[in-house]
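First up is the structure itself, then whatever we jot down about it.
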Amino acid sequence: MAVSEESQEVAPGGYTWLEIDCQDDYDRLVDILDVEFEPAVIAEELKTNISSEIVSGVLVEHDYIDKDYRSTFYNFYAKMGRPYRQDCVRLHFFDKDVSFSESPLDLQGPDAWLEDHYFGFMVLRPTIAATLGRSLLSPRIRIGARGTAIQSRHKVHLLGYTLSVWGFPSMAQHADIAVCAHVSCWAILRHYSEQYAQHRELLMHEITMMAQPFDPGGLTPSLGLNLYEAERIFQAAGCYPLMIVREWDDEAQEWVNDDRFFAQMLSYLDSGFPLFMSLQSEAMDNEGHAIVLAGYEWRDESGDSREGSSHVWSLVNSLLAVDDNMLPYSSVGIGDDTRSEVDTENYTAEDFNAFIVPLPDKIFYPAQAVESFSLDTMYPIYKAVLNLPEEDTLLRRYFITTVSALRRFARENVSQFGDELVDLLMHLKTTQFVWVIEYASEVQWNDRHITARVVLDASASRKDEQPMWLCHNHELAIVFDRSSGVPDGREIALRRAANTPLSRMETNLRPVRSPPVDRSANATGAPEPGRSA
């Protein structure tokens with residue numbers, strides 16, 4: 001149903017349906033929306049970044065009350081001499097199978113699952129500039145998005161329907177009250193409040209107030225945040241932030257220990273924890289910037305370009321970012337030679353200088369310790385016992401998960417674990433969080449297989465000489481009793497009915513191009529990342 005002249009004369013609280021047959025159809029927003037919403041700029045963003053092959057209809061919801069905009073309106077915009085409107089506009093994105101009727105006011109889909117044809121929403125603020133407000137878009141509709149992404153399930157109430165969509169929260173910075181660092185903190189904390197019951201929802205104005213021990217008010221929030229103020233926001237929100245700073249050698253004028261910095265970065269990202277990333281780029285006149293890292297893409301094959309590193313960071317093709325300067329799920333290159341292949345031409349991973357990972361309580365064993373243990377302790381001692389690959393073909397990957405998620409993975413893949421190993425995991429007396437290390441050869445990695453898996457105590461002290469609960473390959477498991485002072489391993493020979501290779505455990509992130517909902521029996525959508533119970 002195309003936009004009619006009558007439908008463009010919208011009363012407060014009304015709705016307008018916009019059919020999208022090609023990218024230029026978004027230009028009609030200029031006739032539908034008031035100038036305060038910057039419709040020409042928004043139309044250009046949508047034309048450039050939203051796939052018209054997937055999105056075929058946009059429902060424009062007028063006179064929408066947005067809680068995040070209201071929080072800044074009452075505490076900032078209402079105090080200004082220029083009058084600002086209190087209402088927003090919300091855009092909802094649907095596929096070709098959904099239609100809209102004005103009388104009765106309703107949406108029709110091809111089946112009972114309207115949310116299967118829904119790709120999320122975008123709020124527009126009446127601020128004249130920087131109008132892109134609170135948004136939750138499925139990465140499926142983002143042109144150029146690829147790989148896997150951290151996502152949470154968000155509920156949306158529209159025309160009496162309760163729809164849900166998987167994605168990561170985003171918005172543009174206000175500039176006059178909040179900047180990129182505030183938005184990055186807000187996006188991570190909004191993801192946490194949707195994903196984990198123990199986190200309360202925090203509005204944008206609350207985020208700006210949490211950076212200081214007092215109410216800074218006035219102009220201060222627009223001056224930005226430093227890393228320590230961002231860390232304070234996460235701490236005040238109930239997280240346990242860990243800051244990792246990249247080492248710089250002033251004398252040599254170069255970064256040092258790069259492999260270990262990026263290995264830590266990827267391991268926390270692979271654990272399902274979005275990262276507050278600080279960067280500084282010459283292409284941006286060396287101005288500081290903050291983004292959220294929310295995903296990554298593997299290269300198709302490992303090849304010979306690992307440059308001596310055995311950590312799988314060397315196999316990452318690109319990163320997935322939530323950058324307040326563009327729509328979410330922008331691709332970030334790894335080095336200068338990848339700038340033309342991604343969305344962010346102004347910076348790459350080489351411009352990162354630090355990150356903050358907001359962790360839950362009871363994770364005391366850091367990624368830096370896992371890196372050392374996996375390479376310097378575990379590998380030489382158990383190489384022969386577990387038949388680990390030779391150093392020139394070795395690949396290592398490690399991430400945090402919960403013991404319940406590990407048990408669920410074992411139960412769903414019993415043919416490769418075998419009954420004895422599944423039974424061991426079910427009886428394993430461990431803490432809620434564990435580190436999982438996977439070892440593979442290049443050939444196995446390309447086939448999505450591994451040689452062996454190690455389970456570490458995530459609550460162990462970083463000085464703990466033996467943080468292992470369990471290690472195994474397809475023939476042997478070694479179990480450790482951590483109640484003793486120096487735990488000795490108990491070897492258990494494994495027998496499996498089927499000779500199925502061990503597969504990589506990839507359950508913390510969702511594929512960008514995955515279907516929105518799996519309607520098969522007992523399906524619950526994506527497994528919970530990181531802190532699933």
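The values are calculated or read from the model by the stated rules, or taken from the named source; none is laboratory data. Note that the structure is a prediction, hence the values are computed from the model and not measured. Ideal geometry is used to build each Cβ from the backbone, glycine not excepted, and the neighbour counts take in all protein chains shown.
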So how many residues does the range 75-95 have that are more than 28 Å from Val165 (Cβ to Cβ) and touching a residue at least 40 places away in the same chain (Cβ under 8 Å)? 4
Kindly evaluate Ser51 against the criterion of being within 26 Å of Ser331 (Cβ to Cβ) and among the small types (Gly, Ala, Ser). yes
Filtering the range 173-194 down to residues that are of a type in the set (S, T, N, Q) and crowded, with 20+ Cβ neighbours inside 10 Å, which residue is modelled with the highest pLDDT? Ser184
Being over 17 Å from Tyr64 (Cβ atoms) and aromatic (Phe, Trp, Tyr) is the filter here, so list the residues in the range 16-40 that pass it. Tyr26
Please indicate, with yes or no, whether at least one residue in the range 103-110 is assigned to a strand (DSSP E or B), of a type in the set (A, V, I, L, M) and buried (at least 23 other Cβ atoms within 10 Å of the Cβ). no
Consider Leu114 carefully, then state whether it is over 14 Å from Val58 (Cβ atoms) and at pLDDT 90 or above. yes
Considering every residue within the range 4-22, establish whether at least one is assigned to a helix (DSSP H, G or I), at pLDDT 90 or above, assigned by TED's automatic domain parsing to the domain that holds Phe121 and surrounded by fewer than 18 Cβ atoms within 10 Å (Cβ to Cβ). no
Tell me, yes or no, whether the range 128-136 has at least one residue that is assigned to a loop (DSSP other than H, G, I, E, B) and surrounded by 17 or more Cβ atoms within 10 Å (Cβ to Cβ). yes
Residues that are within 25 Å of the chain's Cα centre (by Cα) and exposed (fewer than 15 other Cβ atoms within 10 Å of the Cβ): find the helices (runs of 4 or more DSSP H) completely inside the range 403-456 holding 1 or more of those. 403-412
Suppose we filter the range 429-454 for residues that are closer than 17 Å to Asn499 by Cα and among the hydroxyl-bearing types (Ser, Thr, Tyr); how many remain? 1
Quick one: which residue in Glu475, Glu506 is acidic (Asp, Glu) and surrounded by 14 or more Cβ atoms within 10 Å (Cβ to Cβ)? Glu506
Please state which of the following conditions Pro467 fails to meet, knowing it meets all the rest: (1) in the same structural domain as Gln416 (by TED's automatic domain parsing); (2) at pLDDT below 85; (3) not basic (Lys, Arg). (2)
How many residues does the range 137-151 hold that are assigned to a strand (DSSP E or B) and either at pLDDT below 90 or surrounded by 24 or more Cβ atoms within 10 Å (Cβ to Cβ) (or both)? 3
Of all residues in the range 254-273, which are under 20 Å from Glu231 (Cβ atoms) and not in a loop (DSSP other than H, G, I, E, B)? Phe261, Gln264, Met265, Ser267, Tyr268, Leu269
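Yes or no, residue by residue, for (1) in the same structural domain as Asp457 (by TED's automatic domain parsing); (2) touching a Ser or Thr at 6+ places or on another chain (Cβ under 8 Å):
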| site | (1), (2) |
| --- | --- |
| Asn325 | no, no |
| Ser372 | yes, no |
| Leu386 | yes, yes |
| Pro389 | yes, yes |
Considering only residues that are over 19 Å from the mean Cα position of the chain (by Cα) and in a loop (DSSP other than H, G, I, E, B), look in the range 199-212 and name the one that is surrounded by the most Cβ atoms within 10 Å (Cβ to Cβ). Ala211
Which numbered condition in (1) farther than 27 Å from Leu202 by Cβ; (2) assigned to a strand (DSSP E or B); (3) not acidic (Asp, Glu) is the only one that Phe276 fails? (1)
Identify all residues within the range 88-102 that are in a loop (DSSP other than H, G, I, E, B), under 28 Å from the mean Cα position of the chain (by Cα) and buried (at least 17 other Cβ atoms within 10 Å of the Cβ); write none if there are none. Asp95
Qualifying positions in the range 187-210 - under 29 Å from His117 (Cβ atoms) and without any contact (Cβ under 8 Å) to a residue 60 or more places away in the chain: Arg190, Ser193, Glu194, Ala197, Glu201
